[in-house]
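Notes follow the structure.
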Amino acid sequence: MGNRGLDLESAIPAFDPAKGKNHLLVVGIDNYAHWPALHNAVRDARTFANVLCQQYQFDEGDVRKLFNEDASEGGIYNVLRELKRGMGPHDSLIIYYSGHGYFDQDFDEGYWVPQDARKGAEETYISNANILKRVNALEGQHILLIVDSCFSGSLLTSTRNASVDEHFPSRRVICSGRLEVVSDGAPGQHSPFADLLISRLRDNTAPALNTTALVQYVKEHIPKLSQQAPIDGRLQNSSDRGGEFIFHLKVSEEELWGKVEQEGTVSAYEAYLNDYPGGKFARRASQQLLVLREDTIWGNARQKDNELAYRNYLKQYAGKGKYLEAAQKRLDALEAQQEDRRKVLEQLAQKDAEREGIQEQYQALVDEAERLFQKEEMEGAREKYRESLQYFMAGFAPDYTYVEEQINLCTNGIAFVRSLNNGKAAMGRENYRLALQYFNEAAQHGDDPKLEDLIRVCRQRLNSPAPAASRETAYANTITRGTKTATLPKKQKGNWGGTLLKWIGGFALFFIILGVIGNLLPEEELYTDEPVYQSPESVQQMPPAETASSGQGKPAAAKPAATPQELILGDWAVEDIVMNGQSLSDLAGQYGTDLSEYVYSFSSNGQVSVYSPAGTEQQTYSIEGQNIYLYSSVWGGSPGVINYIRSSEMQLTFYVADGFGGSTPMIVTFARG
């Protein structure tokens, strides 16, 4: 079954504001060598810089100021070159220019006029084309140009709308006018444009002010002060992806928490947890969210009206919920109804043929429900899922829990499903901030315990630094919660599992074992209610690197740390495969298959040879940080993560498609061959 989510392969890399800096370049020119003097350009630029450094998350050390003689053509170009060399992907930059502007009507070209520009000599001006070329060459998440000069609107190349989201890159321009002359203001004051811009920033008390709101404020109020029309837009042919720079106040956690408690809304507590997932008040925020959401969650449980929904409510509000008695009463009734149905079905299924007939009816209804689900016909799919449960018997696949979960997804609606799938896709690429946004959006359309787990994990990952690697390099990682996936054969005849295992080669071994384990293990052993997500503190870490001893008993000098790309080279025999806590080595042995016969030989050129009783298969692999990717021309790509690599042992986790739109983690342990 295909992926129910959207294709996010071209999704942006994860942006982490904590890893970057906010740079600021302000240019103000009053005293020109060959042009008329201005009154307030330097004052405007200096005040703008002071407000950002005093109230927002800008540091003086990251501010470059060019006033009057320092703002020559060479001076401006040199600072842009410094920024080109010094900015990183998580950095942002605001360029504020206040001075003369010039527009060449013959060639439809606008210019900044540096301090040393000669009047009538365009070769001494800085053209918009040169400004845009240099801005587009800068690396960074956001670049915002604020230009307060005559004819500054000629710098604008695009006015398309986008989302208010700082996690998408942006290249944006705000100009004080279109192609008109703009006011410099009375001497000793600010220009009308700068006055509105600075006053809005100075008077702001919200934790965050987005650029769009700032621009709208200036546009709405400028007609009262001057006959000019500010304009904003985005740079074409740039790294702009529709995001925007957000001005964050310098506010302490305690101050923010005080405002959150005063507001007392779901969105306020969620915003606090997003900013401080491991903060001093995180536990209280989570508790308050639970209280505020109880009526909504209870209403959703009654609407879904199935065992899973009521169990989830009872688990979340154990000992303190307002509807515990009603939930338990309804759950008991549903369980009794299901038990009665099971008894009737068991009586009808005394013969294998009758059981097979019941299973066929069950499977047909599930298949129809899945078809409707893919077509996003949620109401029809929900009814088919509910009808299928009337034919469910122990051992059928998909299992009872899966069908209930699908019923809940249908009840929550397509917007919930899309946001949930998009969040999972972003989480798979370790873009936890983007994933958190999708999951929070999903929460607006419905509730689901798995969604809460995903949100909690994203916040933990954003709040936890990556573990340091030891000499032999250990990697911790979170893994996704598995779901039951195997489609069972109607009957077990002979040693079919052993035959398949013997003839299958390479990574396909995992898929066959997945089917075998679903057929042989009891449901209660195969699945667990315990969360599979692990915090960095709970994941197995490598022991300290051993130290070699010389004949004198002195420790040898420590070797330099090896990279995973170096440690993985050579032959590795499969030692064990674990799925949901169950080891498959014994199971494979029952079918005459020795897992150690499957050997992976990793080469430095990205090639991996897979040796098995069926022959040899050539695959390719790549390693990026904690992630490893295996590619087979037969079986396709297999994404995984490196749990650890030691000199003689390696453990990887692969995510195997479960056939129902999800994935199942399979932990594979290798021994050095």
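Among ALA364, ALA309, which is part of a helix (DSSP H, G or I), buried (at least 19 other Cβ atoms within 10 Å of the Cβ) and under 38 Å from the mean Cα position of the chain (by Cα)?
ALA309
Do we find that ARG171 is surrounded by 18 or more Cβ atoms within 10 Å (Cβ to Cβ), modelled with pLDDT of 80 or more and either of a type in the set (Lys, Arg) or more than 18 Å from VAL147 (Cα to Cα) (or both) in this structure?
On the way: surrounded by 18 or more Cβ atoms within 10 Å (Cβ to Cβ): yes; modelled with pLDDT of 80 or more: yes; either of a type in the set (Lys, Arg) or more than 18 Å from VAL147 (Cα to Cα) (or both): yes.
Yes.
From the list ARG81, ARG85, the lone residue that is in the same structural domain as LEU144 (by TED's automatic domain parsing) and within 21 Å of ILE29 (Cα to Cα) is ARG81.
For region 77-106, the set of residues classified as over 34 Å from the mean Cα position of the chain (by Cα) and farther than 20 Å from VAL173 by Cβ consists of ASN78, GLN105, ASP106, listed by residue number. Checking each residue in region 387-400 for being crowded, with 16+ Cβ neighbours inside 10 Å and in a helix (DSSP H, G or I) picks out SER388, LEU389, TYR391, TYR400.
Are any residues in region 196-240 among the polar types (S, T, N, Q), part of a helix (DSSP H, G or I) and under 33 Å from the mean Cα position of the chain (by Cα), and if so, which ones? Correct list: THR211, THR212, GLN216. Of all the numbered requirements in (1) part of a helix (DSSP H, G or I); (2) small (Gly, Ala, Ser); (3) out of contact with any helix residue (DSSP H, G or I) (no Cβ under 9 Å at 6 or more places or on another chain); (4) crowded, with 21+ Cβ neighbours inside 10 Å, GLY258 misses one, and that requirement is (4). Of the residues that make up region 46-64, is at least one in a helix (DSSP H, G or I), in contact with a Ser or Thr (Cβ under 7 Å, 6 or more places away or on another chain), at pLDDT below 95 and not hydrophobic (A, V, I, L, M, F, W, C)? No, region 46-64 contains no residue that is in a helix (DSSP H, G or I), in contact with a Ser or Thr (Cβ under 7 Å, 6 or more places away or on another chain), at pLDDT below 95 and not hydrophobic (A, V, I, L, M, F, W, C). The single condition among (1) surrounded by 20 or more Cβ atoms within 10 Å (Cβ to Cβ); (2) more than 18 Å from ASN300 (Cα to Cα); (3) in contact with a Leu (Cβ under 8 Å, 6 or more places away or on another chain) that VAL417 does not meet is (2).
Tallying residues that are under 15 Å from GLU404 (Cβ atoms) and buried (at least 18 other Cβ atoms within 10 Å of the Cβ) within region 313-326 yields 1. Identify, from the list ILE126, ILE95, ILE131, the residue that is under 28 Å from HIS34 (Cα atoms), among the β-branched types (Val, Ile, Thr), assigned by TED's automatic domain parsing to the domain that holds VAL42 and surrounded by 23 or more Cβ atoms within 10 Å (Cβ to Cβ). The unique qualifying residue is ILE95.
The values are calculated or read from the model by the stated rules, or taken from the named source; none is laboratory data. Values in this document were obtained by computation on a predicted structure and should not be read as measured data. We place every Cβ from the backbone using ideal geometry, glycine too, and count neighbours over all the protein chains shown.
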